[in-house]
Structures are given as structure tokens and as C-alpha cells.
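Have a look at the structure below, then the notes.
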Amino acid sequence: MTNTVDDIAGRKKYLNEGAEDTQGVPREGMNDPTGEYPKRDYFFGSSVNKAAVGAKVNNLALGGSELGIDLDLPPQKPSEYPFNQVQETQSGHVIEIDDTPGGERVLIKHRTGAGMELRADGSVLISSKNQSVTVTGGDATVIVEGEGNLIYKGDVNLRVAGDFNVDVDGNYNLEIAGDKIENIKGRHNKKVFRDVNVDIHGSRVSKTIGAISETTLTRYDVLVNGRANYRSTGTTEITGSNLITTAVNEWTAAASTANITARHISMIGHKGTIGGPLIDYYGKTYGGLPGGVTNIATFYGALVGRATEALHSDYSMYSEMSGYAVGAVQAASAVSLGGTAPVPKPPKPGIMPYTPLPQTAPLPAPPIVELMLATSSYGVRNVEIDPLLREKMEKNDEYAELFNFDPDIHEIRSKLRSPANLNNSKFTSYLVSENLLNKDFAKTLPSNIGRSANKTGTIRFGVELLGNNPIDNRSKRFKVTK
């Protein structure tokens, strides 16, 4: 820094800076004794600031750029003398108050190019060459009527001590070039009123400690172009009105205990094996492979029961003609021995009684089958979904999640006792639109309808001073008539 007694040689020698290269300190007193002025740009000319006469335009430093971002700033009109009042310091600080027609502006510029500019069209430019710090002790409101662009070339940290509310009337687009990490310590509620489309080009892993519940009111499709595994350490139930499972190559069902119960069951195949060493078969008819006029079946082990031929042979002696056949044989024997022929015995009525072996399990008779289908844990499970679920969900949205049905006036009043519900604009707006709530519900004072105010009015003292009447000695009184 220099003073009035430093000459140009001393400044160059000790400070290595400063001032225009003049011839030292003039002695006639008509020039700057410090040698700072006139500046080189003002040699042999007027000392009026060039910005004041429009010879140059002071602009803020607007360095940096971003692809696709246009500041859309029109060029500043040069000033016209004498409309621009300019103050410029030795180091280069500038203050301009310009009234040039069509170029009115206010400029406060630091020597580095930082500063603030109020342009002719009402735009405000703020430029900082280093840090920019804004501290607000109270509330802050920012209103932008047009579009906005916020660009950070580095990291951005946003910390909100209270709630963070974002209300978007249009689309909400989020594009992330890297990873997205969310840590939610509370609940995560998401409501979508239309479709949801998710495209994942990599893997998807989901881990849930609690329960998972999904409800759809139309259809649910899962397509897997590869191997699909579904594993559960507990009981697994698949219930529906109709269940169809198919396999192109092989279908396998394995369990320590398997139960299949149905009113009608059909098992058909070209070949295979059914049964085991301790399997009991109960049924009406068994037929082997067709072979000519009869069925040919092969049995292994002990067969308990009656084959058709054995059953017929047991009862052939009791047919109507069997007595005659036996009698004929006996007659022939008796005649050959010199005796008389016996009289044929009449056939025995009925069928030979058959007592099956003791059973280890009840026979699958119709009553037992119906009992298993209706009451057993292995029976049919009915699937029930509230038929009013869609309507309740829609009502829940309309009433801002406070009701899932149409409430009456008493239920509405009960909810409005809470200040949070009273200030819920979505809830109250819907009630007003449905004529369930008066549009003047927010007014705390009743309207003057002649019951809470006297129509004739009462005499009262005024609160405004008239003339020199002191406030402690008010004598003017008036009466409100309307």
C-alpha cells in the first residue's frame, strides 16, 4: 500500500508494484500526488469514467458452463452520459447506478468479478468467485415463476431436521448414473394410482424379516425364463377355485405322508406302478388289460376276495338247473346199484356271505370323503376377498386415509376435532366439494346474524385521537348501528 509521500521509484523498489509509470510526484499540485491517477486508459483524454460514457461495460464474472444450459442473458446496452453514475476504486471495485433509457441497472462489483447486478429487464445476477454462504434466522421462501436449473459440479449434502415434502404437479424424473442407496428407519408407504413398470437389467435380491402380503383384484402372472425355486420351512398353501399344474417332461410329488381327497378322481397312464407292499386298495371294480372277450390281469402275492369265475363256480350248484344235473348223476348211480333216483333239492336263495379282513383305516365311503373335504385340514380351502375392497381403497384415497367409507356428520365432526385433520386441505377440500362440510368451516367467529351482536349497537370510546385530546382523557364516543 502506498501513501502520499512515496514516489514511483520507492514503490517499485520496496513494494514492487503500483501506479502508472509516471515521472514521480508532480510539484505543481495539479496531478495526483500518489501517482495512481490518471490510469493508463485515461492518458490524453477525459477523466470521466469510461463506463459512464458507454466506452466500456462492467460485467460480473459468469464463469463455468454446462451442456444444455443457456443463461439466456441479453447483452447490456452501453451507458449514455450523463445517466450512469459510476464509482470505481483504485483496486477495481465498481458501483454503478445507471439510468440509461433501455439499459437501467444497478451494479455492485468486486475487483475479482464477484458481485450483484440488477439488470434492465428486472433480472438479478449474483456471482461469487469463491464460497457463497447464506444464513437465515427465520423462515425462507423461494418462488420461481418460470423454469429452474440447479447444477453442482461437486457433491451436494442436504440435511432436513424436520419433514421433507415434495409436491410435483407434473412428472417426477430421476436419472442416476451410479448407485442409489436408501436407508429408511421408519415406514415406507407408496401409493400409485396407475400402472407401475420396473425394468431390471441385473439381479434383484429382496430380504424381509417380517410378513409379506400381496393382494390383487384382477390377475397375477409370474413368468420365469429359466429355473424357478420356491422353498418354505413352514406350511405352504396354494388355494384357488381351480388348480392346474403341468410339466412337459416330468412331474414329481414327494412327501412322508401324502393325502389326495376328491369326489371324483381319475388317474390314467400308459404304464407305471401304483402301490406298495403295505398298500390297501378299496374300490368297486378292478379290470386288467383287455384281451379278447375277457380281461387278463396278473396278481402277485395273496389275493383275498373272489374272482368272477370262482364266485360263479361256488354258486353254480345253486342254480335252477344244477339240482337236476346233480340228481341225474345220483339217479344214474342209484339205478346202476339197483336203487331209486333221489328228488332234486331246490336251489338256495341269496349269495354266499363274504367277510373281509379287518381294516386298519376307515373305508373311503362317501360320508368320510365329504367330511374330509368340508372340515378336515386337508380339505378344500375357500378363498374370500372383500368384494368392497376396491371401493374402500378409493374411499380411503378420497378421504385422505381417514375413512374408507362414506362417513356421517358425527364421524366427520369427530375427525375435525384434531388440529391435524382440520388443517388437512385434501381432506377438508373433498368434504366441501361433496357438501359434507360448509366452505366457511375454518372461520372461528360466527357471522353477525342478529343473535351474537346487538342490532342497535352500544356506545363505546374511540381508540383514535381526535385533535389534542390525550389518550387518557378520551371523551369522544360513538355507536355502531350496522
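The values are calculated or read from the model by the stated rules, or taken from the named source; none is laboratory data. Because the structure is predicted, anything quoted here is derived from the model rather than measured. Cβ atoms come from the backbone with ideal geometry, glycine included; neighbour counts cover every protein chain shown.
Observations on the structure shown:
- Restricting attention to the stretch 46-89 and to residues that are under 58 Å from the mean Cα position of the chain (by Cα), among the small types (G, A, S) and modelled with pLDDT under 80, the residue that is nearest to T112 (Cα to Cα) turns out to be G63.
- Residue ID - farthest from I260 (Cα to Cα), chosen from residues in the stretch 371-397 that are free of Cβ contacts under 8 Å to residues at least 60 places away in the same chain and charged (D, E, K, R): K395
- Single match in R204, R194, R219 (criterion: closer than 30 Å to A374 by Cβ and of a type in the set (D, E, K, R)): R219
- Test result for E104, within 23 Å of K153 (Cβ to Cβ), of a type in the set (D, E, K, R) and surrounded by 16 or more Cβ atoms within 10 Å (Cβ to Cβ): no
- From A262, A255, A228, residue being part of a loop (DSSP other than H, G, I, E, B) and either surrounded by 10 or more Cβ atoms within 10 Å (Cβ to Cβ) or not hydrophobic (A, V, I, L, M, F, W, C) (or both): A262
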